[in-house]
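Working notes for the structure below.
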Amino acid sequence: MTAEQADLGAHGRSYGDTRGKDFIQRLDVFENGIAVRAKDGTCLAITWPELKMYESATSLYGNVSHFYNFEDYKGHNFPINGSWKKSDEMAQVLRVAIANSWVPGALSSIAEGRPWIFVSDPAKPAYKLALGREGIIFGTVTLPWEHIQYIRLSSGNLVIKRHRKFRPAVYPSGWIPNVYSFMRIAQTLHADR
């Protein structure tokens, strides 16, 4: 499927694998989404509302390596190694575009009383992560906004520090799709309390 067929709009930027080792050889950013081209020539177009971006980082001897994994609404996965030329710029461009697409709808849904679910697996209810009017739904409990001191990303984890609790609630940030959208929504809801 071409970008035109998917109605991705105007082309913005292109990013590519400089070493030829990744499954994804090229990622093109458009007004309404991305097009990814694989080594085998397959091209897939994904709009912003359909795109889930997972980010993780590993550290070895002081060197930090970033990895990105993209998933579409059908569950197709597209990993990208952070060694791509301008991969930091690519990640930031995608974070902003995804957040601009996701955040307004999520805030509307939450304002109407419907939580915005980021992670959910019926077989593993302890891993659920969602944002609601009352607070952050963390596993099987809700952490009320008024009990939360701060929400941060630190050392590859989402850290939720609660008032009068010594230990924060911690969740691996690499498991959260569109973690920067999550942070924008959570910080907006927390600030409103």
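For this structure, a couple of remarks:
- The lone exception for Phe182 - which of (1) touching a helix residue (DSSP H, G or I) at 6+ places or on another chain (Cβ under 7 Å); (2) assigned to a helix (DSSP H, G or I) it fails: (1)
- Scope segment 109-149; condition open to solvent by 30 Å² or more (accessible area, probe 1.4 Å), outside any strand (DSSP E or B) and among the aliphatic types (A, V, I, L, M); matching residues: Ala111, Ala123, Ala126
- Test: residue in segment 135-153 that is touching a helix residue (DSSP H, G or I) at 6+ places or on another chain (Cβ under 8 Å), small (Gly, Ala, Ser) and in contact (Cβ under 8 Å) with a residue 24 or more places away in the chain: no
- Scan of segment 85-108 for residues that are open to solvent by less than 80 Å² (accessible area, probe 1.4 Å) and over 15 Å from Phe182 (Cα atoms), ordered by number: Ser87, Glu89, Met90, Ala91, Val93
- So Ile80, is it outside any loop (DSSP other than H, G, I, E, B), modelled with pLDDT of 90 or more and open to solvent by less than 40 Å² (accessible area, probe 1.4 Å): no
- The one condition in (1) open to solvent by 50 Å² or more (accessible area, probe 1.4 Å); (2) within 17 Å of the chain's Cα centre (by Cα); (3) at pLDDT below 90; (4) closer than 20 Å to Gly16 by Cα that Thr42 fails to fulfil: (2)
- Test: residue in segment 48-58 that is part of a strand (DSSP E or B), of a type outside the set (Ser, Thr, Tyr), modelled with pLDDT under 90 and in contact with a Pro (Cβ under 7 Å, 6 or more places away or on another chain): no
The values are calculated or read from the model by the stated rules, or taken from the named source; none is laboratory data. All values derive from a computational prediction rather than experimental measurement. Backbone-built Cβ (ideal geometry, glycine too); neighbour counts: all protein chains shown. For the accessible areas, the whole protein counts, side chains as well, though only heavy atoms, and no ligand, DNA or RNA atoms are used. Shrake-Rupley method; radii C 1.70, N 1.55, O 1.52, S 1.80 Å.
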